[in-house]
Amino acid sequence: MSRRAARQGALQVLFQMDIGQTEFENALEFVIRENNLDQKQEQFIRDIVHGVLGHMDAVNRIISETALDWDMERMAVVDRNILRMALYELCYSEVPPNVAVNEAIELGKTFSTAESGKFINGILGKVVKNLDDYRKVTSNSGR
């Protein structure tokens, strides 16, 4: 199973939902069909998307706090959702921090602008430096 392909699928689902194009199940069905994903990849996508949606307030707050001089609504939709996915993985999952950050940077390079990798790395780098503090705050946030 390619987790990278599943992360790409999760990004596509979150992107479609964020721009108001569709609901979760419709976006997921489209992504699975278009990318020929298997059941394990589908479950991985479900886990990431449900995790991001379930912790949206907390991950958005982290983005707002660390992306100085950037209004979330003005961020590229792709970058915003890559950051959400990475922050969910950093704060709420067992994914090693270096994997979450590297995957996010690669998604940015692939699906966004040439500068996105640097932008994403800068924000996630700030979070990783204080990851224990962010994990404590997010675990107490009522999810």
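Rule-based calculations on the coordinates, nothing more; no lab input. No experiment lies behind these values; they were computed from the predicted model shown. For neighbour counting, all protein chains shown are included, and Cβ atoms are generated from backbone atoms with ideal geometry for every residue, glycine included.
Some notes on this structure:
- Most mobile listed residue (Ala100, Ala27, Ala114) in the chain, GNM with C-alpha springs under 10 Å: Ala114
- Nearest-ten-degree value, helix 56-66 long axis tilted from longest Cα axis of the chain: 50
- Backbone HN-Hα couplings from phi across segment 122-130 [Karplus 6.51/-1.76/1.60, Hz, Gly and Pro as x]: x, 5, 5, x, 4, 5, 4, 4, 10
- Sorting 13-26, 46-59 by their mean Cβ neighbour count within 10 Å, with the most densely packed peptide first, gives 46-59, 13-26.
- Between helix 24-35 and the chain: long-axis angle, C-alpha atoms, 0 to 90°, nearest 10: 70
- Quick note on segment 98-143: its Rg to Rh ratio, both from C-alpha atoms and Rh being the Kirkwood radius, is 1.09.
- Per residue, the chain reaches -24500 deg cm²/dmol at 222 nm when only DSSP H runs of four or more residues are counted, each adding -39500 (n - 2.57).
- Principal-axis tilt of helix 97-111 within the chain, Cα atoms, nearest 10 degrees: 60
- Value of Rg/Rh across the chain [Cα atoms, Kirkwood radius]: 0.94
- Backbone N under 19 Å from the Met72 label point (7 Å along Cα→Cβ), restricted to segment 1-25: 11-22, 24
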